[in-house]
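Following: one structure in structure tokens, then a few remarks.
The values are calculated or read from the model by the stated rules, or taken from the named source; none is laboratory data. Keep in mind that this is a model prediction, so the values were computed, not measured. Here the Cβ positions follow ideal geometry from the backbone for every residue, glycine too, while neighbour counts run over all protein chains shown.
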Amino acid sequence: MQPNEPTRRRGAGVEAGPPGAPLAPERELFLAFTRDGRSLIDVTWQQHVLHENRRWSATEFIERIDLAQLTEADRGHVWNAGKAELTTKPGADRLARQFDAECRRHLESNPTVAKIMQACGTWSRYWNEEEAFHEATLNRLSTLLGLEPISDDTFIEYRKLFPDDDALRTLMLLAISEITAAVNYAQCARHASDPGLKALLKQIGADEIQHMNYFVSFAKALVDSGVYPPKGALAVAVFFLREGGDLQGAHRDRIEERGTHVNWWDHIEFDAIGAVDALGKKEALVFNAVERVTGVRVSSLTELEDAWMDMLS
Ligand SMILES: [Fe+2]
Ligand SMILES: [Fe+2]
């Protein structure tokens, strides 16, 4: 760590699992419960250690940004991202509630699926807290930069809860949302000239990748259980990647009006450097997530659609 690098709290002497175990989301959650005999307490400790080791200081990151050096593009990206991050709290609140309900729904018929659901609902508290850092840091930066204030009406509008959907489809949607965010942050970081802003955007992007890995882990566990057919995951990937699909975000000719909630990717208003255009990178990461969740390897939209149609027939 450089002397002036913002603090990231390293947990002293804590291990996620057995000595030498990787500090990462559990890749084989279904087997962890069924083969390895791990408990929800074990899995929660692993979640906690990873969260604790990745904490960082919002105030220290902000202090290291030279506000006067930020370009118009940097300022636009900060404002956009702060607004978009307002939608993460309702996402995590909904996950906590829905996955506890799913846990109880499966408790008698399939205790392993119930544990997977509970592990996901439990992790939502770490996800919520990490996203709170993104939201608070970026919106504080917007305030310090004197950018257009976000009204309380908009704040409340962006807090609308997502409606519930099938658990596997929900996890796949959230994985793709994290992929989209991570690639956007990486693009913005690459174009930021101020080292402090670049470091902040890279840190947030790394958090988003970690969130994606968790959603992939939970989704894979549901597919591995045999209770959730993989076609649900492929359907969501097709929904995003198809012509005019959600992966194109605010660039689509027609964006569905939703009275129920706000999809942040539909409302990116400022894109000076094509940050939201990195479709190739996003597609490659979605294909990778599809393979990790379902075992189906595809490398184009056509292959993805063919694999999905095969599952439907
Ligand atoms: Fe975020
Ligand atoms: Fe995230």
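So here's what we get for this one:
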quantity	calculated
Residue in the range 139-180 that is modelled with the highest pLDDT, counting only those that are within 16 Å of ligand 2 (Cβ to nearest atom) and over 12 Å from Phe215 (Cβ atoms)	Asn139
Ile116 being more than 16 Å from ligand 2 (Cβ to nearest atom) and buried (at least 20 other Cβ atoms within 10 Å of the Cβ)	yes
Single match in Val43, Val49 (criterion: surrounded by fewer than 20 Cβ atoms within 10 Å (Cβ to Cβ), assigned to a helix (DSSP H, G or I) and either within 22 Å of the chain's Cα centre (by Cα) or modelled with pLDDT of 95 or more (or both))	Val49
Residue within the range 188-199 that is more than 24 Å from Ala96 (Cβ to Cβ), at pLDDT below 95, within 16 Å of ligand 2 (Cβ to nearest atom) and touching an Asp or Glu at 6+ places or on another chain (Cβ under 9 Å) present	yes
Test: Thr34 is β-branched (Val, Ile, Thr), surrounded by fewer than 17 Cβ atoms within 10 Å (Cβ to Cβ) and at pLDDT 95 or above	yes
The listed residue being modelled with pLDDT under 90, surrounded by fewer than 19 Cβ atoms within 10 Å (Cβ to Cβ), polar (S, T, N, Q) and over 24 Å from Leu161 (Cα atoms), out of Ser300, Ser313	Ser313
Glu129 within 16 Å of ligand 1 (Cβ to nearest atom) and loosely packed, with under 14 Cβ neighbours inside 10 Å	yes
Pair list, Cβ under 7 Å, 6 or more apart: the range 190-210 residue in contact (Cβ under 8 Å) with a residue 24 or more places away in the chain and within 10 Å of Trp56 (Cβ to Cβ), other residue part of a helix (DSSP H, G or I) and among the polar types (S, T, N, Q)	Leu200/Thr137
For Ala84: the one exception among (1) closer than 18 Å to Met212 by Cα; (2) at pLDDT 95 or above; (3) not hydroxyl-bearing (Ser, Thr, Tyr)	(2)
Residue match in the range 135-149 (condition: within 15 Å of ligand 1 (Cβ to nearest atom) and of a type in the set (Asp, Glu))	yes
Any chance Phe162 is away from ligand 1 (no atom under 11 Å from the Cβ) and more than 20 Å from Leu50 (Cβ to Cβ)	yes
